[in-house]
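What follows is a short report on a single structure.
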Amino acid sequence: MLFSVLVGGGLVACRHEADPPPAGTVLTGQDFYPLSIGHYWIFEVEEHFWDYNVDSTVRYQARETIDTTYRNAAGELTYRVVRARRADDLSPWRDDSVFALVGSFQNLRRTANNLPLLELVFPVRAGATWNANQLNAGEEQVRAYGTPDVPFTNTRGIRYDSTVTVTDDVADDASDLIQRTTVYARRIGPVYRRRQRLQFCNTEEERRMLCHFGEPIRSTAPLYYIARGRERYETLRATGVR
């Protein structure tokens, strides 16, 4: 069924029926992020807001749903994803934001707030790297694959037998930690996301007043004095196709 919506100031045709997955998705790794209308993912979200080593924590649920497809200006099939949020199981969902996904045999592109990012590249290969900002004017952002088809168990104790981890290593030293990590499972999509942007005690004034300067860190940020920052962890709790 076709209908029209307003996108970027113009009408585009959208449809509700799902398209069959392209051939070769397992070979290339495209099935690490399956795309079909009605596909949804629900995450448990935990956010930490740091202010001079004081942690304020917020927990909620987020849902991402592919609700329609349309052809973009280049004629490419584009999947519209609506992200909604609620406080808990008893609260109503409220739409929060929208982003778009475009998949091909070469890559998966994500566009949010008019900023296109190279989300994944195909085929999926251990150690492969690419510039996530290749499609925009931002500084080079190196993104890398870990080893494909390894098991992963999330914080809810759910095990996924075949996953790949994608990591952005932006900054990691005694002053700052900026990292983004996403785990994808075959035939499921994203199952875990970690976003960290932390600033440690790094000025003489801060050290004299409040801070305790620490060594460079990797994955143990809470053990070091965080002057300010934010962390967000998203763990998949449910997925399916409506």
Using protein chains only and a probe of 1.4 angstrom, how many square angstrom of PHE105 are accessible, to the nearest 10?
110
Cα-only Debye scattering, segment 104-164: base-10 log of I(q)/I(0) at q = 0.15, 0.26 Å⁻¹:
-0.57, -1.03
Sort segment 47-176 into rounded, prolate or oblate with this rule: let a ≥ b ≥ c be the square roots of the eigenvalues of the Cα gyration tensor; rounded if a/c is under 1.5, and if a/c is not under 1.5, prolate when a/b is larger than b/c, oblate otherwise.
rounded
VAL170 and LEU27 label points (each 7 Å along its Cα→Cβ direction) are spaced in nm at 3.7
Just add up the charged neighbours of THR111: K/R +1, D/E -1, any other residue whose Cβ is under 13 Å from the Cβ of THR111.
+1
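The values are calculated or read from the model by the stated rules, or taken from the named source; none is laboratory data. In this text, all values refer to a predicted model and were calculated from it rather than measured experimentally. All Cβ positions, glycine included, derive from the backbone under ideal geometry; neighbour counts span all protein chains shown. Note: accessible area is taken over every heavy atom of the protein model, side chains too, but ligands, DNA and RNA are not part of it. Shrake-Rupley method; radii C 1.70, N 1.55, O 1.52, S 1.80 Å.
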